[in-house]
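K.L.:
This is the structure, below, for whatever I ask next.
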Amino acid sequence: MEEGKKARDVKKKEILLKEMKKILAKLNEVDMKVVKDVKGEAFDYLRSMNKIDIEVAAIKETITNAPVDDEKRCRTEVNAIRAKVENLGMEEFVDCLKLSVNTQPGSMAAAFDRISDAIFLETPALSSKCLYLVIPEKLPTFKMADFNPKFIDIQLHIVSESTQTTFSSVLLKKLMVTVACVGTNRVFEESTVWSKVEKHKAAVSEDGRRISVQLQRPENIVGKISVHLLGSNIVNSPVLHQFGQDETSSRNTAAPDLTLGNDSIGIFDMTGHH
């Protein structure tokens, strides 16, 4: 494995360069569209200003030739022109022409946090993208009669087209489950799935393609449930879940989708093999 690190590093660089080209192409596409839209608005402003210019010239001629007692009408027309100019919002539009590039630190941090999900380690026998996470309580088919105030169940499924056929002991020992508090990152529970099996807190289905794992239910937090394999999230991990005293009542109303999932960073192909 150590001997292959150099080759893996080269592969990572190749993938990053390829993806960076796609990112830059996407950003350039957005840039070109914005510039095109602004140019169209600029032409509209020029047409409006030309019309106002014609009206100003007409008013100047009217004022020059107007009788002395027609001052009120002239002032009304000038005020109308002034209002048209103000309504155009030229100063605000000129500021829109000063395009620059900036970053949103939170979004960038999230992207870097998920980079190991986009470019991930795998072996012929183990791949994080061959498994996906399901929280039964978040499904519309979940029955309140099955709600356990002390524990929450999660399910790990093998992707149908995966070469992985069953949950072997090697796979179970490599699967790490974590429950942490969003914001503080305090870890409430962390263990391998194999450890859960040994404690009779996990059970494999008869066909061997699904395993149910029982986790301690924290109190009054927004928790992040993650499942990692070889340092990367499996598909649909992590998932945010509201833990609290009102959990039972909140299930009677439509809840927002708090799944972060592997497609939370659309700039990378999260499930494809490179």
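K.L.:
What net charge do the residues around residue 124 carry, taking every other residue with its C-beta under 15 Å from that of residue 124, with Lys and Arg at +1 and Asp and Glu at -1?
P.N.:
Within the 15 Å Cβ shell, the charges total +2.
K.L.:
With a 1.4 Å probe and all protein chains kept in place, how do 199, 22 rank by accessible area, largest first?
P.N.:
Sorted descending by solvent-accessible area, the residues read 199, 22.
K.L.:
Nothing charged except the Cβ atoms of Lys and Arg (+1) and of Asp and Glu (-1): what's the magnitude of the dipole of the chain about its Cα centre? Round to the nearest 20 debye.
P.N.:
940
K.L.:
Sort 237, 205 from largest to smallest accessible area, using a 1.4 Å probe on the heavy atoms of the protein chains.
P.N.:
Result of the area sort, largest leading: 205, 237.
K.L.:
Just tell me which aspartates and glutamates come within less than 13 Å, Cα to Cα, of residue 138; anything on the same chain fewer than 8 places away is out.
P.N.:
146, 153, 247, 257
K.L.:
Keeping all protein chains in position, work out how much accessible area residue 144 exposes to a 1.4 Å probe, and write it in Å² to the nearest 10.
P.N.:
For residue 144, the solvent-accessible surface is approximately 80 Å².
K.L.:
Right, another one. How long is the chain along each principal axis, judged by its Cα atoms, biggest number first, in Å?
P.N.:
Here the Cα extents, ordered largest to smallest, are 103, 53, 32 Å.
K.L.:
Determine the dipole magnitude for the range 80-148: charges of +1 sit on the beta-carbon of Lys and Arg, -1 on that of Asp and Glu, nothing else is charged, the reference point is the Cα centre, and the result goes in debye to the nearest 20.
P.N.:
140
K.L.:
What relative contact order, as a whole-number percentage, does the chain give when Cα pairs under 8 Å and 6 or more residues apart are counted?
P.N.:
Answer for the chain is 17 percent.
The values are calculated or read from the model by the stated rules, or taken from the named source; none is laboratory data. Nothing here was measured: the structure is a model prediction, and the numbers come from that model. Neighbour counts are summed over all protein chains in view; Cβ atoms, including those assigned to glycine, are modelled from backbone coordinates with ideal geometry. Side chains are part of the model used for accessible areas, which takes the heavy atoms of the whole protein and leaves out ligands, DNA and RNA. Shrake-Rupley method; radii C 1.70, N 1.55, O 1.52, S 1.80 Å.
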